[in-house]
Every structure is written in structure tokens, then in C-alpha cells.
Amino acid sequence: MSRNIKLALAGNPNAGKTTIFNNLTGLRQHVGNYAGVTVEKKEGFLSHRGYNFTIVDLPGIYGLSASSIDEIVARNFIVEEKPDVVIDVIDASNLERNLYLAVQLMELGAPLILALNMADMAQKQGLSIDAEKLSTLLGVPIIMTVATRRVAMQDILDSAIRLIESKSVPVRTRIHYGREVDRLIDRTTEAVLKDPALSRRYPARWISIKLLEQDAEVLKRVMESPFASTILDAVEKSSEAIRGLFGDDPETIIAERRYSFISGACEEAVRRSFEQRHDISDMIDTILLNRLLGLPIFLLLIWLTFKFVFYASEPMEAAIEGFFGLLGRVVGGILPAASPLRSLIVDGVIGGVGSVLVFIPVIFLIFFAMSFLEDSGYLARAAFLMDKFMHKIGLHGRSFIPMLLGFGCSLPAIMATRTIDDERDRLTTILVIPFMSCGARLPIYVLFIGAFFPEAQAGNILFLIYLTGIFVAVIMAWILRRYLLRGPAAPFVMELPPYRIPTLRAILVHIWERGTVYLKKAGTVILAGAVIMWFLSNFPWYPNFSDNRNGEMKRMELSYAGRIGKAIMPVFHPSGIHDWRLGVGFVGGFFAKEIVVTTLGTLYAAGAGGRLRQSGCDGWKGEHNLSLRQSLRNAVRQDGTPIYTPLIAFSVMVFFLLYLPCISTVAIIRRETNSWRWPVFTILYTIAVAWVASFLIYQGGKLLGLK
Ligand code: GDP
Ligand code: MG
């Protein structure tokens with residue numbers, strides 16, 4: 001018994017469809033018209049390996065829009081006649097342009113095979129195409145053919161049979177249109193799904209993309225739906241949003257993103273033996289993606305970014321600092337002296353919130369710089385450059401941007417991992433993001449570096465800390481991927497969008513999106529944390545201690561915070577850390593790293609002569625920070641040896657770098673992984689990693705004779 005296979009040949013004009021069609025069917029052909037239109041319909045017949053093939057030569061088309069009758073005919077044939085296999089015949093010497101149709105056939109969910117025809121021409125032009133790689137990247141079988149010489153004609157039939165017989169449907173790569181556009185497409189798709197009759201015919205996502213592209217045919221279909229107004233409303237809203245963000249209509253943006261996807265896939269799978277690039281983006285890429293220059297340029301850009309961020313944030317910080325200092329003094333003057341209420345408001349609330357707001361310039365400027373690099377198209381190149389390296393640690397270039405965002409704040413960074421399709425990749429990325437030193441940890445380093453290292457070395461030490469974080473992230477990613485989240489690396493296409501000057505609006509939207517996540521944290525968790533830390537370090541309230549240095553010290557040591565700090569300190573002795581106040585800082589850092597310096601300030605100010613000396617807020621350049629540095633340098637243990645040395649300070653900084661993501665990060669990990677397992681795991685494993693690292697640094701440093 002033989003079975004029937006209906007096979008359609010699709011492709012751009014002049015790709016070689018008819019040549020293939022004739023090769024396969026010989027004289028067994030039949031020419032007619034498609035029902036209702038005067039477009040020639042060629043059908044041919046043949047038998048192969050017990051299958052009866054009906055082969056249809058579709059009209060040549062460039063895409064699946066409704067812009068020409070041929071495209072509508074081809075599209076309707078694929079959707080309505082449901083051929084068992086669609087062979088997209090591609091002119092391999094003109095690969096990127098021809099893949100535009102392939103990408104749309106992929107989205108349409110057609111049972112697709114790509115025949116890269118004119119392989120001879122491609123070779124003559126110096127193109128070497130890694131078909132296997134391209135096939136994995138797209139999730140579509142690929143055959144290389146030369147129709148004029150009848151090369152691989154039977155392979156077309158064989159691969160069609162294979163596709164039909166294989167029970168396992170290959171995982172089709174999903175085309176990403178970028179975070180915002182994807183979300184807007186999703187929103188439109190939700191509306192489309194309201195009408196099951198529509199989505200039975202075409203994939204719902206495809207319909208919504210077509211609607212955003214203003215496809216007249218699809219629009220007509222949707223008009224007949226009882227849910228037409230809901231759907232069109234959603235389309236209108238999404239279109240407006242895209243226009244607002246990118247200053248261009250959705251059609252253009254969507255086409256552009258498809259080409260980005262194709263560029264990315266070709267950059268990985270196609271080698272050119274001599275350059276034959278044309279447009280401006282391509283020309284820029286010959287430099288920025290150059291094998292030798294690419295990485296140094298990337299590092300230079302990141303270095304400049306950080307320079308810019310820290311340089312530009314200084315004056316803003318000084319202003320915020322000044323404001324909260326003043327506010328603290330004014331409010332402090334109104335409230336009764338030495339009362340718990342005054343202490344709560346001035347030290348706890350104003351001090352706590354102020355110390356957070358001081359970091360807003362740094363964090364927002366990092367987001368600004370990242371958004372600029374992202375929207376201009378450069379970050380995609382950076383991710384592309386890092387892709388090879390990321391593969392070595394079992395991740396993918398796509399994890400790279402979220403990790404970079406981690407330098408600003410872990411919260412938006414973790415949310416940015418949503419663009420990673422593979423669950424294991426995504427989870428691994430989430431778990432290592434806390435090691436990328438976030439903006440809130442910076443003041444801790446500035447405090448300790450300022451206190452224990454000469455100014456000339458400060459920059460290098462800071463850099464070393466950041467590098468340590470990256471290094472640990474890389475090692476942990478490798479370990480996690482290899483042992484805990486083992487699995488094959490999913491193939492991925494890294495989109496290469498054309499370079500464009502980012503619109504101010506898109507940048508502002510990005511900053512706002514990421515910034516509000518941070519601000520919410522400042523308004524809730526950090527405020528609560530600051531008040532809790534204030535409570536722990538002021539209670540039990542002993543009004544009777546004398547208000548001198550010793551009295552204050554005693555009061556602090558007897559407070560809940562002091563008791564906690566003392567209780568956990570022995571754990572840190574092997575790492576060279578003998579300071580119970582720091583133990584309190586560790587606890588405070590769990591609420592938010594922003595609180596650590598304030599907490600240390602409170603505890604050391606007490607030792608240095610009284611609570612009343614602290615004003616509301618203190619950033620790292622403030623006068624109190626200077627006196628805090630002095631206090632840290634002067635601090636001694638009971639036997640008179642100094643508590644801190646440069647080596648111990650370094651070990652402390654590394655501990656702060658690696659241990660415990662803040663409570664908001666834990667909450668977001670819980671939300672994004674939808675379980676308690678991973679947040680709890682994160683807490684435990686980061687503490688373990690931090691402890692081991694600071695232990696190794698201290699003991700190793702001692703062995704090397706460092707102080
Ligand atoms: P269609 O428009 O897709 O049906 O393309 P045709 O089959 O009519 O082919 C267009 C032109 O390309 C013809 O002149 C073919 O001889 C030529 N052609 C087709 N396949 C190949 C191939 O693999 N290599 C080369 N060099 N030329 C080819
Ligand atoms: Mg033809």
C-alpha cells in the first residue's frame with residue numbers, strides 16, 4: 001500500500017523551483033489555474049520509496065504579505081490545502097534575502113524543509129555555508145542542491161519522507177522581535193485567541209503579527225469575527241506603542257527584526273572568503289565584530305561606560321546628600337533631643353531612605369548607558385562577541401545582557417532573563433546574576449578601599465573586586481550547568497539588528513521600566529530594612545547609660561544588633577574578620593546592600609562619641625564617611641591588634657560582593673522561578689561561596705605574606 005505526499009515548492013522568483021520541479025516530475029505534469037484566480041498552477045506526480053508524490057510549483061514570492069496576488073495564492077495554498085511538506089527553494093548565493101521568506105514560513109508553522117539551491121553559485125562567490133549549523137539554529141532541515149546539475153534531487157524527496165515519518169517534530173526556533181515588540185505581539189495574540197475559529201485556521205501569533213503589519217487579507221478575515229472590535233482595539237494599541245517607542249511603523253520594525261534574526265543566523269553559519277558586504281550596518285560590523293578588534297573595542301566601551309557613570313553621578317550625589325543632611329538637621333531640631341522618636345525619624349527613616357536615594361544617580365545612569373547601547377544595536381553585537389565564550393561555560397550569548405544589567409541592579413537584570421527561551425539557561429543566568437556587583441554594593445567598596453588602600457591603587461582594587469565577581473559568576477555558571485542544571489545547550493539565533501540612533505523616548509521608557517523596579521524597592525524593602533536595623537541597634541533602649549564614649553559603646557554592644565553581630569562573628573574568624581559591628585552589617589545587607597554603610601556608620605559613630613553626631617544621610621564622600629574610615633583604621637581588638645588590615649579589608653569586600661542577594665532579589669527569584677526552591681538555594685549557596693572565597697583570600701594572602 002502506498003501513501004500520498006503532497007509537496008509544495010515555494011521560494012523567491014528565480015531560485016530554481018521550476019528547475020527542481022522539472023527534474024523531479026519529468027513529463028508527468030499538469031498545468032491549470034488556482035481556483036478563482038488566473039495564476040498558473042503546475043502540478044506534477046512521481047513515486048519514490050513507496051510514496052506517491054504530488055508536487056506543486058507555487059508562484060515565486062518574496063514574503064507572505066498580502067501585497068501581491070502571488071503571495072496570497074501561495075499563502076492560502078499552504079494554509080488551506082495543507083501540503084504535507086513545504087520545500088522552500090532558496091538561492092544560496094543570495095541567502096539573507098531569500099531567508100526572509102523562510103522565516104515567515106517558519107512562523108506560519110509550515111512543515112518546512114529548506115533547499116539551499118545554487119550551491120555552485122554560492123561557492124563561486126566565496127560563501128561557505130555551514131548547512132548543519134544553520135539547520136540547528138533555525139530548527140529546520142536543510143539540503144544543499146544544484147538543480148541545474150541535478151545534485152541532491154532525490155535527497156529532497158528523502159528528507160520529505162523523513163520529516164513525515166519522524167514522530168518527533170523538530171523544535172522550531174522562535175523569532176524574537178525584541179522585548180517590547182514581543183510583549184505587544186503577545187498582547188495582541190491574547191485578543192486573537194478569544195475567537196477560536198480564527199486561530200484554528202492560522203497560528204494566533206502569526207495572525208497578530210500580520211495584523212500589526214496591516215495585512216489587508218488577514219484584516220478582512222478578522223473583520224468577520226464576532227470579536228473584531230476587541231482584536232482591532234488591541235492591534236491599534238500595540239501599533240501605537242510601537243510607533244511611540246521606535247518612531248517607525250510596526251511593519252518596518254517587524255521586517256527589520258526579521259532581518260536581524262537572519263543576519264545573526266548567517267553571521268554564525270556563513271563564512272565569506274572575501275568581503276562583499278554592502279550596507280552601513282554591515283560595514284560597521286566588519287570592525288565591531290572583527291575577530292581581533294571586536295573584544296578590545298567592547299572592553300573599551302564598557303570601561304568608558306563605567307567612567308561616564310561614576311563621573312556623571314558625582315555632582316548629583318552631592319546634591320542629594322546635602323539635601324538629606326539638611327533635612328535631618330532641620331527635623332532633628334524640631335523633635336525633642338535624645339528621644340527614641342527623634343532617633344527613629346532622623347537616623348532610621350531620613351537616614352535610611354537618604355542613604356538609598358544617594359545611589360539613584362549611579363543606578364539610573366547605568367541603566368541609561370545600557371539602554372543606549374542596547375537600543376543602538378551595539379549590545380546585540382557584544383552578546384554576539386561573547387557567545388563563543390559563553391558557550392564554553394554552558395551558557396549562551398543571550399545571557400550576557402542580563403548579566404551586564406546586573407552591574408546596575410539585580411532586579412531588572414533577573415527580569416531581563418525572560419528573553420532566554422531555554423529554562424536551564426535562564427535559571428543558571430538568574431542564579432549567577434547576584435555575583436555581578438550591583439550599584440548598591442559600590443559604597444561598601446569605596447568605604448573600605450578608601451580606608452585601607454592608597455588612593456593611587458583605589459581604581460585597581462575596585463576593578464579587581466568587579467573582576468572577582470565576574471570570575472565567580474563564570475565558574476558557578478559552569479558548575480551549575482555541568483552538574484545541577486545539566487542538559488544540551490539549546491541552539492539560538494543571536495539577532496543582529498541594524499544600527500540605529502536610539503530614540504530618546506525608547507531610552508526613557510527602558511530606564512523607567514528598570515528604574516521603577518529599583519525605586520519600588522527603595523520605597524518599601526529598604527525603608528523597612530532601615531527601620532528594622534535602627535530598631536535592632538537602638539533597643540533595648542537604655543536611657544541611663546552615660547552619654548560618653550564608653551556608655552554609647554556599651555549601649556551598642558548590648559543592643560539586639562550587637563548581640564547578633566557578636567553571636568555570628570566566630571564563623572568569620574577563619575576569614576580574618578573580628579568585628580561584631582561588621583556582623584551587624586552582614587545582617588543589614590540582607591535587607592539591602594545600601595544599608596550596610598549606614599549601619600556601620602551608626603555603630604562606629606557611637607564608639608566615636610555619641611549617637612547625636614550622626615546626621616541623616618551620608619554618602620561615601622560625606623564628612624561622616626571620612627570619619628568612619630578613620631574609625632575603621634583605628635579599630636582594635638581586645639589585645640590591641642588592629643581589627644582591619646588591607647588583606648582583611650579585601651576579604652571583607654569579597655564577602656560583601658558574593659554573599660546573599662538582597663531580600664528583594666530573593667523575592668524576584670521566587671517570582672520568576674515560581675518556586676521557593678531556587679531562592680532558598682540562592683541564599684545558601686551564595687553564603688557558602690562567599691565564605692569560601694573570603695577564607696581563601698585571607699588564608700592565601702597570609703601564606704603569600706600579604707598584610
Ligand atoms: P524559479 O523562478 O524559482 O522557477 O527558477 P527557475 O527554475 O526558473 O531557475 C531560474 C534560473 O536559475 C534558470 O536559468 C536556471 O537554469 C537557473 N538555476 C536553477 N538552479 C540552479 C543551480 O543550482 N545553479 C545554477 N548555477 N543555476 C541554476
Ligand atoms: Mg518558475
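Nothing in this text is a laboratory measurement; each read-out follows from the coordinates by a stated rule. Computed from a predicted model, the values in this text were never measured in an experiment. With ideal geometry, Cβ positions are generated from the backbone for all residues, glycine too; neighbour counts draw on all protein chains shown.
Once you sort the root eigenvalues of the Cα gyration tensor of the range 42-83 as a ≥ b ≥ c, which label holds: rounded (a/c under 1.5), prolate (a/b larger than b/c) or oblate (the other case)? Please list the in-between numbers first.
Details: a/c = 3.56, a/b = 2.52, b/c = 1.42.
Verdict is prolate for the range 42-83.
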Compactness of the chain as Cα Rg over 2.2 N^0.38 Å, two decimals: 1.18
Karplus (6.51, -1.76, 1.60) ³J(HN,Hα), θ = phi - 60°, over the range 426-431, in Hz, Gly and Pro reported as x: 5, 4, 4, 4, 4, 6
For the chain: relative contact order, % (alpha-carbon pairs under 8 angstrom, 6 or more apart): 11
Structure-based [θ]222 nm, the chain - -39500 (n - 2.57) summed over DSSP H runs of at least 4, per residue, nearest 500: -19000 deg cm²/dmol
Of Lys42/Lys82; Lys521/Lys566; Lys520/Lys593; Lys194/Lys237; Lys82/Lys124, pairs whose Cα-Cα distance is over 27 Å: Lys521/Lys566; Lys82/Lys124
For Lys41, distant residues with modelled amide H under 5 Å away: Gly32, Asn33, Tyr34
Cα-based helix-to-principal-axis angle, 504-521 vs the chain, degrees rounded to 10: 50
Where Rh is the Kirkwood radius over Cα pairs, Rg/Rh for the range 61-163: 0.96
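How high is the FRET efficiency from Arg505 to Lys6, r the C-beta distance, R0 51 Å, rounded to 0.05?
0.55
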The range 77-185, relative contact order [Cα under 8 Å, separation at least 6], %: 25
Rounded to 10°, Cα long-axis angle of helix 663-673 versus longest principal axis of the chain: 20
GluC sites (Glu not before Pro), loop per DSSP, at most 12 other Cβ atoms within 10 Å - longest free stretch of the chain: 276-707
Given charges at Cβ of Lys, Arg, Asp, Glu: the chain dipole, positive-most of Ala416, Gln457, Leu496: Gln457
Using θ = phi - 60° and Karplus 6.51 cos²θ - 1.76 cosθ + 1.60, couplings along the range 410-424 (whole Hz; Gly, Pro as x): 5, 5, x, 4, 5, 5, 5, 6, 4, 6, 8, 6, 6, 4, 5
0 to 90° range, to nearest 10: angle between helix 549-558 axis and the chain longest Cα axis: 50
Given charges at Cβ of Lys, Arg, Asp, Glu: the range 179-255 dipole, positive-most of Ile242, Ser199, Thr189: Ser199
